[in-house]
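Note sheet for the following structure.
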Amino acid sequence: MDRLPCLIFLLLLGLTSARAGEGEVLFVNGFEGTGNLPQFVAVDDQAVAAKRRLVVDIDTSEPANQAGLAFSLDAAPVGVSIRSGSGQIEWTPSQAQIGRMEVTVRVEDLAGLSNTLTFAIDVVDDSAAPLIEPIADRGAAPGVPVQVACAARCRPGSGA
């Protein structure tokens, strides 16, 4: 029985986190992972053609506990939406949005702890035909296959 107060104290230490500068003590269940900031699975930068739909699934490092999380957008281009319960982002950029855009997603757990993730989306204009570099004149003999190397590049201002 002498060890009971010590055990209760250690248990409280394991379940308590202090928010710096607020003087507030928050009791959370550290054993279920809610005492830590929610962590994201890394998202690579994305690319999409203007007028085409882009869908990006934002996941956390503990998908089994994702049910208690709320996703929102801190910063995003006009028209980007996110499903609060799943983290799924959808966007169909316009021609006027060609270029590199940044998106910042916030995830918050039931204890009010949050984290952010930022990634880029490159919107390209795929309606412009590529420029094909000139091909030098060549000679050929009848019945002999000819190989021609061809190079193409995006038009200036296409965003690619």
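All of the numbers you see were taken from the coordinates with simple rules; none came from a lab. Values in this document were obtained by computation on a predicted structure and should not be read as measured data. Here the Cβ is made from the backbone with ideal geometry for all residues, glycine too, and neighbour counts use every protein chain on show.
Worth a mention:
- Packing, as the average of other Cβ atoms within 10 Å across residues, places the peptides 113-120, 133-140 in the order 113-120, 133-140, highest first.
- Distance from the C-alpha centroid of the range 42-60 to that of the range 86-155: 11 Å, rounded to the whole angstrom.
- In this calculation the C-beta distance from Asp45 to Gln147 is compared with R0 = 41 Å, giving a FRET efficiency of 0.70.
- Inter-site label distance for Ser72 and Arg138 at 7 Å from Cα along Cβ, in nm: 6.1
- Highest mean packing comes first when the peptides 98-110, 38-50 are listed by Cβ atoms within 10 Å, giving 98-110, 38-50.
- Distance between the modelled labels on Ser84 and Leu131, one decimal in nanometres: 4.9 nm (7 Å Cα→Cβ projection).
- Treating r as the C-beta distance of Thr92 and Thr118 and R0 as 30 Å, the FRET efficiency rounds to 0.90.
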